[in-house]
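Here's the structure, in structure tokens; my notes come after.
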Amino acid sequence: MEIQEMHIRLVIVLNEWDPFGLGFGQYETEIADVVQAVHTSDDVINLADKIQQIYEFSFEQLIPIENCKKIAAELLNIKNQGSCSL
């Protein structure tokens, strides 16, 4: 999988996640920050912490860490699928 395709898949997953129920397309800045965080993290807990911080900074609401761990695992799975392709 090419990096561009991986980014598209990450963005789709994050748009569908909608942690605050605001609707599609309401998290563009946060999604960009999370996609960047995916590139710098290989650990679910570390990425989950980053995701929680990104959304808390923007919305001043805390997403439960378990929700962040679930989405972090899904995002890292997409990343790892991309890095395994030749």
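FYI, it's all coordinate maths here, none of it is from the lab. Computed from a predicted model, the values in this text were never measured in an experiment. Note that we place each Cβ from the backbone using ideal geometry, even for glycine, and neighbour counts take in every protein chain shown.
As a test of the formula, what do you get for the chain when each DSSP H run with n ≥ 4 contributes -39,500 (n - 2.57) and the sum is divided by the residue count, at 222 nm and rounded to the nearest 500 deg cm²/dmol?
-24500 deg cm²/dmol
Suppose R0 equals 25 Å. What FRET efficiency, 1/(1 + (r/R0)^6) with r the Cβ-Cβ distance, do Thr29 and Glu5 give to the nearest 0.05?
The pair Thr29/Glu5 has a calculated efficiency of 0.65.
Among Leu22, Asn80, Val34, which residue has its Cα positioned farthest towards the positive end of the charge dipole of segment 3-83, with +1 placed on the Cβ of Lys and Arg, -1 on the Cβ of Asp and Glu, and the dipole taken about the Cα centre?
Result: Asn80, furthest along the dipole toward the positive end.
Rounded, prolate or oblate for segment 3-83? Axes are the square roots of the Cα gyration tensor eigenvalues, ordered a ≥ b ≥ c, and the cut-off for rounded is a/c under 1.5.
oblate
Given charges of +1 on the Cβ of Lys and Arg and -1 on the Cβ of Asp and Glu, with all other atoms neutral, how large is the dipole of the chain about its Cα centre, in debye to the nearest 20?
Approximately 180 debye in magnitude.
Using Cα-Cα distances under 8 Å and only pairs 6 or more residues apart, what relative contact order does segment 3-83 have, in percent?
Once normalised by length, the contact order is 33 percent.
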